[in-house]
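To start, the structure itself, in structure tokens.
The values are calculated or read from the model by the stated rules, or taken from the named source; none is laboratory data. Given the structure is predicted, the values throughout are model-derived calculations rather than measurements. Neighbour counts run over all protein chains shown; Cβ positions are idealised from the backbone, glycine included. For accessibility, only protein heavy atoms count, side chains too; no ligands or nucleic acids. Shrake-Rupley method; radii C 1.70, N 1.55, O 1.52, S 1.80 Å.
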Amino acid sequence: MATFALWWFRWNGSNYESRMRVGDREATVLDFKDRGFDYIIALDGEGGASNYSDSPSYDNGYTDGQELAMWLTFKLNGIPYYVTIPFYESHSTSNPRGDPRGEFNNSYWHGWIDGVLSVVDSNRKGFYWSLESVLQTTTGYGAGKVSVGFIKGLSQYVRGHGLKLLWIPALGGRTVDYLRRKSSLGDNPSYSIRQYFDYIFCQPNYYQNSRMAPTNTPYDYSSLKDIVDWIYEGQMYMEMEVDRTVLGINCGGNEDCPEGMRCNAGVCWENCRSSDPDVAIGYAGDYLQAQKDVLGGKFYHRAYYFSTDLRVIDEMENYCQNSLGDRYV
């Protein structure tokens, strides 16, 4: 059994910095280990928060990857980790760092991986494909489609170095029927890319979405159990989702809230379907209860999204142990 924590970083214009906190201080590797996490996945929001050298060449990918790796090898010393493969140029554009319909060889992403690998680090266990769209090889990711051949080449290259490749696709509140027919994890072998990843952690997006797509039906607890069953049936794993809404941070206006949150009804709200912290923690706890109801226990491997503050994990541990009779992590 292994637990993976999503660990956020960003480029501030001159150097990299960690976004992870425990309240007012920066979180350390020991803070993650003390909470039961075995691995860290270092990611930047699909590429938007890592440095990009302005053109999608192999050489620029190499330079950018090497730069991040030199920082991570010291920042994450003491815990095994996976490194993001950034997809987009920035948060403000839908342009990818190259052509994902073409060949992997000699692409920006090929250079990025080689640049990361140029920095020797025994704690580095593999890479994380950052494009979250579960439709990326079928309907597309917005600007276009990713070719199955590109993902295959990427996978073969990473695995050829004795490393693993991870993916955390966002299901977006879509129904099981739609996912089977239309997603890149569906039943059509021409578009499915499931086989090219060592670990896939699906985001149910139940915590965020109150309606299901494309039916616009309520995303209720029964539907979450259907999603858990589909994930398990597909021999995949699940991402646990929660954010800082559960902390119940009081506010009188948006200026009182931490970065990335907004004030609503006197509390700071992030991305939950409800701004009420008591309701939000119940939705997050449903992820654990649904696994127990469907599987009789938790997925063997799990990834955890909890925004940028480890106090969220502490809040969930307290709730789950007291209310659900099981550990959260």
Phi to ³J(HN,Hα) by Karplus 6.51 cos²θ - 1.76 cosθ + 1.60 over the range 95-111, Hz, x for Gly, Pro:
7, x, 8, x, 10, x, 8, x, 7, 6, 4, 6, 7, 4, 5, 4, x
Which net charge results for the neighbourhood of Ser94, defined as the other residues with beta-carbon distances under 15 angstrom from its beta-carbon, given Lys and Arg at +1 and Asp and Glu at -1?
-1
So with the 1.4 Å probe, I'd like the accessible area per residue for the range 143-224, rounded to whole Å².
42
Only Lys, Arg, Asp and Glu count, each charged at its Cβ (+1, +1, -1, -1), so figure out the dipole size of the chain about its Cα centre, rounded to 20 debye.
820
Cross-link reach from Lys292 to lysines, straight Cα distance under 16 Å and at least 8 residues apart if same chain, gives Lys225
For the range 78-150 and the range 219-246, distance of Cα centres in Å:
25
Among Ser210, Met261, Val228, which residue has its Cα positioned farthest towards the positive end of the charge dipole of the range 191-329, with +1 placed on the Cβ of Lys and Arg, -1 on the Cβ of Asp and Glu, and the dipole taken about the Cα centre?
Val228
Identify the residues of the range 45-88 with backbone N under 17 Å of a label point that sits 7 angstrom from the Cα of Glu26 along the Cα-to-Cβ direction, or state none.
50-51, 68-79
Would you calculate a helix-derived [θ] at 222 nm for the chain, using -39,500 (n - 2.57) for each DSSP H run of n ≥ 4 and dividing by the full residue count, to the nearest 500?
-9000 deg cm²/dmol
At most 14 other Cβ atoms within 10 Å and a DSSP loop assignment: could you name the GluC sites (Glu not before Pro) in the range 53-117 that fit?
Glu103
Taking amide hydrogens as modeled 1.01 Å from N in the peptide plane, which residues meet the under 5 Å criterion relative to Asp309, leaving out close sequence neighbours?
Arg21
Counting Lys and Arg as +1 and Asp and Glu as -1, what is the net charge of the other residues whose Cβ lies under 14 Å from the Cβ of Gly325?
0
Of all chymotrypsin sites (Phe, Trp or Tyr not before Pro) in the range 262-313, which ones are in loop regions per DSSP and have a Cβ with at most 10 other Cβ atoms within 10 Å?
Tyr300
Starting from 0.36 nm per residue, how many nanometres of slack lie between Asn216 and Glu317 once their C-alpha separation is accounted for?
33.1 nm
Could you tell me which Cys residues in the chain have no other cysteine's Cβ under 4.7 Å from their own Cβ, answering none if every one has a partner?
Cys202, Cys272, Cys320
Pop out the carbon and sulfur fraction of the accessible area of the range 18-150 as a percent, whole number, probe 1.4 Å.
45
Sum up the charges of everything whose Cβ sits under 13 Å from the Cβ of Ile313, counting Lys and Arg as +1 and Asp and Glu as -1, but leave Ile313 out.
-1
Calc'd 3J(HN,Hα), the range 37-53, phi into Karplus 6.51 cos²θ - 1.76 cosθ + 1.60 (θ = phi - 60°), Hz, glycine/Pro = x, comes to 8, 8, 9, 10, 10, 7, 9, 9, x, 6, x, x, 10, 10, 5, 10, 8
So, R0 is 22 Å and r is the distance between the beta-carbons of Lys164 and Thr63; what FRET efficiency does that work out to, to 0.05?
0.35
